[in-house]
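Asker: The structure that follows is given in the form of structure tokens.
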Amino acid sequence: EKNSISIGKYNFSIKTFEKAKEIISNALSKNLDYLVIDEIGPLELNGKGLEPLISKIINQINLFNGKFILVVREEIFEKFIQHYCLSNDDYEIFNLEEI
């Protein structure tokens, strides 16, 4: 389908991603303590889904006064770190099972 993005057996609406990016972009302009994005996954690592917004957020992270919480599955975490060129000083890891 033209109006969807597929990964594996899953199909996602492009319009839904566009709406999500709009909501996230609007949230960035507000004085929030936290911004949670659940989740960054294979679509984003392939330049789809919430991209290019996620790259923009990570590259301009110092412009946001609050904290970003980006949810990433453990099995793709290393790919996520490499893809966004993050160093150990750029992030903290929280295991949701321990919180």
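The values are calculated or read from the model by the stated rules, or taken from the named source; none is laboratory data. Here the structure is a predicted model, which means the values were calculated and not measured. Cβ: placed from backbone, ideal geometry, glycine included. Neighbour counts: every protein chain shown. Quick note on the areas: whole protein, heavy atoms, side chains included, nothing else; ligands and nucleic acids left out. Shrake-Rupley method; radii C 1.70, N 1.55, O 1.52, S 1.80 Å.
Asker: I'd like the full set of residues that are farther than 21 Å from LYS15 by Cβ and either in contact with a helix residue (DSSP H, G or I) (Cβ under 7 Å, 6 or more places away or on another chain) or open to solvent by 100 Å² or more (accessible area, probe 1.4 Å) (or both), limited to the stretch 36-56.
Answerer: The answer is LEU45, and nothing else.
Asker: Now for a separate question. Would you mention how many residues in the stretch 69-99 are crowded, with 16+ Cβ neighbours inside 10 Å and aromatic (Phe, Trp, Tyr)?
Answerer: 3
Asker: Does any residue of the stretch 13-29 turn out to be more than 23 Å from PHE94 (Cα to Cα), touching a Ser or Thr at 6+ places or on another chain (Cβ under 7 Å) and either open to solvent by less than 80 Å² (accessible area, probe 1.4 Å) or of a type in the set (Lys, Arg) (or both)?
Answerer: Scanning the stretch 13-29, I find at least one residue that is more than 23 Å from PHE94 (Cα to Cα), touching a Ser or Thr at 6+ places or on another chain (Cβ under 7 Å) and either open to solvent by less than 80 Å² (accessible area, probe 1.4 Å) or of a type in the set (Lys, Arg) (or both), so the answer is yes.
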